Amino acid sequence: MKVLDSPLSSDEDFTLTSDSPPEFEITADVFQKMTGEDLQSTVDISRWKKGIEALCDYNKIEAEVAAAESTSAEVRRAIREMIFPALREVKSNLKDAGVWKLSVEDIEQTQRDVLMNGLVEGCDGNVHLFNTMALQIVQIAVVGVSYRAQEESWAHRVFKRDIRITPEADIVEETLKLLKLRSPDEDNNKQRKITSMMTRGVMTYMERQILATALRAPWRIGHGHPLPYELLTGSGSHDLIRLSIPVLQSLLDHRKFIFVPSDTNELHYKTIGDALEPREYAIIDDLSEYVGRLKRGGYRGEWRTVLEDGLERFMDDAAQQIVVGAYRASEFSPPQLFYSHRDFVHEAARIVIADSSYLDHRGFPMLIEVADNMCRTYFGAQSIERPALAAFGATDAPFRHLAERATRV
């Protein structure tokens, strides 16, 4: 009966066909180029160190880190000299493409007059799963905050049972159905996909619905991607796509939004961001490339029909209006990506850098951090684990559904 304490976020670029074969082969040459050694040497047990000796290879670690950072510095220099000046020319359809820098006074003024005046609200959510053979409980929560000591929270629990037996049901027939339902199939166990949709898809949807309809500040800042993969593909549900389009359109119409992901697969954008100096930001691209990849790979077979029902038109329009940029808040922090409406991209960059300056070691928006902390405080794993354990404790077999890891000492 183990709680999976994993506040899922929507900034990972995954696909509905994750069980498909890899698109490229990792050849011997590719492996050696990536690691500096051939695969046969890697799996040669005579080259492996035993016991505590395996933890003492400090010289190798230091040498590899130094070499990697030296190469990164050369890449950053090349990007500043060649890529930065070319951004505006290459992205001629994006009038604001290029690199811009804020002053310390810009940051202080934005913090004082915009953030601390409550003109920006942020939200973040989490998901906790309480999993047993008899019952799955999915708890989804979202918290919205501002710097005017205002906060609101929303939470919902979904109780998923593989089978719900009515009094007139044939228990033998229903048991056979249950066994078939829990058997792996060619679709890699549909029940897991239902749970995935309930967790990642619903939480991502609710975060954006709250940003679009429940928050009241002129500016709203959210976690992840403004056009998240799991909503545009429905996470396995046509209904979720249908519900998501008007919510995402409402955010798009509001225009004063900012999204910042914790991580991304768009490593080419992050590499550009890595060359930025403190308080600099680069306006790099719109979302046309992202939407194009999505349309080519996210809708196969019967799923292509969903594109014809207004989704493709919405995605093409949104891709032109939303831009992706990168920024560095301080000399200590890593670069971050941000997404905003093209009409307000400079204002968005100023706000997100000012808010991220409060966390100068992380360079990540403080409002998202505050929302996440409050969400974990109010709706952490214990908030679902303890009452569920108490409820199972009142049954005749309180330990029957405990997972092995839950009973380790």
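Where a number appears in this text, it was derived from the coordinates with a stated rule and is not lab data. For clarity, every value in this text was computed on a predicted model and none was experimentally measured. When we count neighbours, we look across all protein chains shown, and the Cβ atoms used for this are built from the backbone with ideal geometry, even at glycine.
How much length is gained on full extension from Asp44 to Thr71, taking 0.36 nm per residue of separation minus their Cα-Cα distance?
Numbers: separation 27, 0.36 × 27 = 9.72 nm, distance 2.91 nm.
6.8 nm is the gain from fully extending Asp44 to Thr71.
The aspartates and glutamates within cross-link reach of Lys49, meaning a Cα-to-Cα straight distance under 12 Å and a gap of 8 or more places when in the same chain, are Asp57. Just checking the listed ones, Arg328, Arg386, Arg220: in the Gaussian network model of the chain with Cα springs under 10 Å, the one fluctuating most is Arg386. GNM remark for the chain: springs join alpha carbons under 10 Å apart, and the peak mean-square fluctuation among Glu81, Glu53, Glu174 falls on Glu53. If you bin all the Cα-Cα distances of the chain at 20 Å, starting from zero, the percentages per bin are 22, 50, 27, 2.
Sequence gap at least 6, Cα distance under 8 Å: using those rules, report the relative contact order of the chain to the nearest whole percent.
Value for the chain: 22 percent.
The spacing between region 372-409 and region 343-361, judged by their C-alpha centroids, is 39 Å. Considering only alpha-carbon pairs that sit under 8 angstrom and 6 or more positions apart, the relative contact order computed for region 303-409 is 16 percent. Structure note, pairs Lys33/Lys295; Lys33/Lys60; Lys60/Lys270; Lys101/Lys270: Cα-Cα distances above 25 angstrom occur for Lys33/Lys295; Lys60/Lys270.
Ranking Met133, Ile61, Tyr327 by Cα position along the charge dipole of the chain, where only Lys, Arg, Asp and Glu carry charges on their C-beta atoms, puts Met133 farthest toward the positive end.
If only the Cβ of Lys and Arg carry +1 and only the Cβ of Asp and Glu carry -1, the dipole of the chain around its Cα centre is close to 820 debye. Return the FRET efficiency for the residue pair Thr175, Glu108: r is the Cβ-Cβ distance, R0 is 60 Å, and the value is rounded to the nearest 0.05. Step by step, r from the Cβ atoms, then E = 0.35. Using the Cβ-Cβ distance between Gln32 and Ala54 with R0 set to 30 Å, the FRET efficiency from 1/(1 + (r/R0)^6) comes to roughly 0.85.
Since only Gly51, Trp219, Gly201 are under comparison, the one whose Cα sits farthest along the positive direction of the charge dipole of the chain, derived from C-beta charges on Lys, Arg, Asp and Glu, is Gly201. What's the longest uninterrupted piece of the chain once you rule out the chymotrypsin sites (Phe, Trp or Tyr not before Pro) that are loop residues per DSSP with at most 11 other Cβ within 10 Å? Longest run free of exposed loop sites: 49-398.
Using a simple spin-label model with pseudo-atoms 7 Å out from Cα toward Cβ, Ala63 and Thr305 lie 6.1 nm apart.
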